[in-house]
Amino acid sequence: MFDTMSTESEQSAHFDKKISEELSGESPIQVVGSDQLQLIAALRVAEERSALLAALVGSSDDAIISKDLDGIVLTWNHAAERIFGYTAEEIVGSSISKLIPVEKQNEENEIFSRIKTGERVAHYQTQRITKDQRIIDVSLTISPIRETSGRITGISKIVRDITQQVIIEKKSAILTAIVASTDDAIISKDFNSIITSWNNSAERIFGYSENEMIGESILKLIPPDRQKEEPEIISKLKRGERVDHFETKRLTKFGKQIDVSLTISPVLDANGHIIGVSKIARDITDKKREEQRKNDFIAIISHELNTPLTAVRSYVQLALARSVEGHDIFTENMLRRAEKQTSKMTAMIRDFLSLSRLEESRMTLNYSNFSLPQLVEEVVNEVTVMSPAHVLNYKCSLDAIVNADRDKLSLVVTNLLSNAIKYSPEGTTVQVRCETTNELATITVSDMGVGISKADQVRLFERFYRVDEDHHQNVSGFGIGLYLVAEILKLHGSKIHVQSDVGKGSIFSFSLPYK
Ligand code: ADP
């Protein structure tokens, strides 16, 4: 019979030969009976199954361990070695208890008695100790091992290392708690602007419940005249950029427009692909109302102060002319100082009035053609008279006629120049350059002063921002000069640039197209 067997599987033939030898204890070249053949076939199936099982156990990512009813380890796969650090040689034959933290021993005993009654325990989360004494989080699936008679002779354990998963779950629980308890609306949406999550504060601020908004378009919150903001925001995010503290208006469920500050960022998956958008909306209605009150107050005060101050300046100038004529040196000196102080106050009030106009979007530009170098020279001369302690050095390469608002640009240059003087020591030089390149005229104001750190350079042009350093704080100011400079240049389609080194000095520059 073995002679006639097909040789397609040598392994199988070898197996049959072995079985036959075992059964007969004689030569393999034998004829066997049909009962024996059935037994041979059954043994073959059993052996194949056991080989398959061994392969599965060997390649599993989970630790697969068996132990007897006294807790002695009987088998230990590769994953068990990887997870716990013990090799099979080290642990087979010894007690499993060295893997169990002391405080988990009772829990283990309790599971053990349940298994002994034939129960199976699935996905039980607990902790274990590795060879190097690390505590790891694991999920256990424990079943009894039975003989064919049904008697329980041991226990099999599948152990999954869920340490990373537990860390992620903890982090996610913390994040969920933060999102739920924050005062800001936190909303996520996909690239079609469809809302995918909505926290408690979103409900409080906008009036819609989570159920009402999930699956809806975010456009529902955007007032009709601001709908174009959404595609602009989305295209920015698609380029991987964030939108920070974007102040705008949004609509509540009850049709009320509220002031919000939005911070919007792309949501990335583990591979760094953009999978959505997260949005934090802060209700700044109260802050805006407060700002409005402050602006109104500043506008009224500035306006009220401006008229008497203009009169005082004129009287001082008249009296100064008289004292010069009468060679009254003492009075002349006093009046020059008075004039300097009134000029400072006039500049301050001019800034405040400009600020309140800007805030109410009432700042309009009165365009005219004029020579930019000439305007700069006028400002330089004016500031030179007022700042005798500094050396002002002005150079211009070519005349450049620009089409711009002369008064507003005068305010820009005055602010840059007075800052250069304010923030640099007496006796140092402030350079003002007007250079023409291609179609642009560039004004540069450089000083040898205290300089500005990189972190402050980013925030310098914010309203009311002042550098929080002693040598900056000792100088009087309100932090609106550079804000006005930036906003006025923005209205002209231009931009202010700054380069600075702390302790060495600063260079501010802007360019305008010229004819
Ligand atoms: P301020 O009225 O405080 O001068 P600005 O808006 O003009 O307000 O300037 C904002 C801040 O920028 C200042 O408080 C100062 O700290 C800093 N700053 C502006 N210009 C200079 C400069 N040329 N050198 C150093 N620091 C400067």
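Residues are listed down the side, and each one gets a yes or a no for (1) away from the ligand (no atom under 16 Å from the Cβ); (2) modelled with pLDDT under 95:
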site	(1), (2)
Asn381	yes, yes
Arg433	no, no
Glu439	yes, yes
Arg466	no, yes
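Taking Gln499 as meeting all but one of (1) near the ligand (Cβ under 7 Å from one of its atoms); (2) farther than 30 Å from Asn295 by Cβ, write down the number of the exception.
The one condition Gln499 does not meet is (1).
Only residues that are touching a residue at least 40 places away in the same chain (Cβ under 8 Å) and either within 35 Å of the chain's Cα centre (by Cα) or open to solvent by 40 Å² or more (accessible area, probe 1.4 Å) (or both): list them for region 447-470, please.
Correct list: Met448, Gly449, Val450, Gly451, Ile452, Ser453, Gln457, Arg463.
For the structure I just gave you, tell me whether Glu108 is within 13 Å of Val159 (Cβ to Cβ), modelled with pLDDT under 95 and not aromatic (Phe, Trp, Tyr).
So Glu108 fits the description; yes.
Could you run through region 343-383 and say how many residues are in a helix (DSSP H, G or I), open to solvent by 30 Å² or more (accessible area, probe 1.4 Å) and hydrophobic (A, V, I, L, M, F, W, C)?
Counting residues in region 343-383 that are in a helix (DSSP H, G or I), open to solvent by 30 Å² or more (accessible area, probe 1.4 Å) and hydrophobic (A, V, I, L, M, F, W, C) gives 4.
Filter region 112-150 down to the residues that are within 18 Å of Ile72 (Cα to Cα) and assigned to a loop (DSSP other than H, G, I, E, B) and list them by number.
Across region 112-150, the qualifying residues are Thr130, Lys131, Glu147.
Can you find a residue that is closer than 17 Å to Met348 by Cα, modelled with pLDDT under 95, of a type in the set (A, V, I, L, M, F, W, C) and within 12 Å of the ligand (Cβ to nearest atom) anywhere in region 448-459?
no
Filter region 384-397 down to the residues that are assigned to a helix (DSSP H, G or I) and of a type in the set (A, V, I, L, M, F, W, C) and list them by number.
Answer for region 384-397, where residues must be assigned to a helix (DSSP H, G or I) and of a type in the set (A, V, I, L, M, F, W, C): Val385, Met386.
Sort out which residues of region 278-337 are of a type in the set (Asp, Glu), open to solvent by 40 Å² or more (accessible area, probe 1.4 Å) and in a helix (DSSP H, G or I), and write them in order of number.
Asp286, Glu290, Asp296, Glu304, Glu325
Filter region 489-505 down to the residues that are more than 18 Å from Glu435 (Cβ to Cβ) and among the hydroxyl-bearing types (Ser, Thr, Tyr) and list them by number.
Result: Ser500, single match.
Does at least one position in region 186-200 carry a residue that is touching a Leu at 6+ places or on another chain (Cβ under 8 Å) and not aromatic (Phe, Trp, Tyr)?
So far as region 186-200 goes, yes, one or more of its residues are touching a Leu at 6+ places or on another chain (Cβ under 8 Å) and not aromatic (Phe, Trp, Tyr).
Pairs only if they're at least six apart or on different chains, beta carbon under 6 angstrom, first in region 207-235 and touching a residue at least 40 places away in the same chain (Cβ under 8 Å), second open to solvent by 20 Å² or more (accessible area, probe 1.4 Å); list them, first residue then second.
Within 6 Å, the pairs are Gly207/Lys253; Gly207/Phe254; Tyr208/Lys253.
Considering only region 472-491, state which residues are more than 18 Å from Ala455 (Cβ to Cβ) and either open to solvent by 30 Å² or more (accessible area, probe 1.4 Å) or within 11 Å of the ligand (Cβ to nearest atom) (or both).
Asn474, Val475, Ser476, Gly477, Phe478, Ile480, Gly481, Leu484, Val485, Glu487, Lys490, Leu491
May I ask you to list the residues in region 98-129 that are of a type outside the set (A, V, I, L, M) and surrounded by 15 or more Cβ atoms within 10 Å (Cβ to Cβ)?
Lys104, Glu108, Phe112, Thr126, Gln127, Arg128
Can you name the residue in region 384-431 that is open to solvent by 20 Å² or more (accessible area, probe 1.4 Å) and of a type in the set (A, V, I, L, M) and is also nearest to the chain's Cα centre (by Cα) among such residues?
The extreme case among them is Ile421.
Could you grab the pairs with beta carbons closer than 6 Å, sequence gap of 6+ or different chains, first residue in region 344-363 and touching a residue at least 24 places away in the same chain (Cβ under 8 Å), second one open to solvent by 30 Å² or more (accessible area, probe 1.4 Å)?
Ile349/Leu305; Ile349/Asn306; Leu358/Glu487; Met363/Arg357
Restricting attention to region 506-513, does a residue exist that is open to solvent by 30 Å² or more (accessible area, probe 1.4 Å) and either within 13 Å of the ligand (Cβ to nearest atom) or of a type in the set (Asp, Glu) (or both)?
Yes, region 506-513 has at least one match.
The values are calculated or read from the model by the stated rules, or taken from the named source; none is laboratory data. Owing to the predicted nature of the structure, the values given are computational and were not obtained by experimental measurement. Quick reminder, even Gly has a Cβ in these numbers, built from the backbone with ideal geometry, and neighbours come from all protein chains shown. Quick note on the areas: whole protein, heavy atoms, side chains included, nothing else; ligands and nucleic acids left out. Shrake-Rupley method; radii C 1.70, N 1.55, O 1.52, S 1.80 Å.
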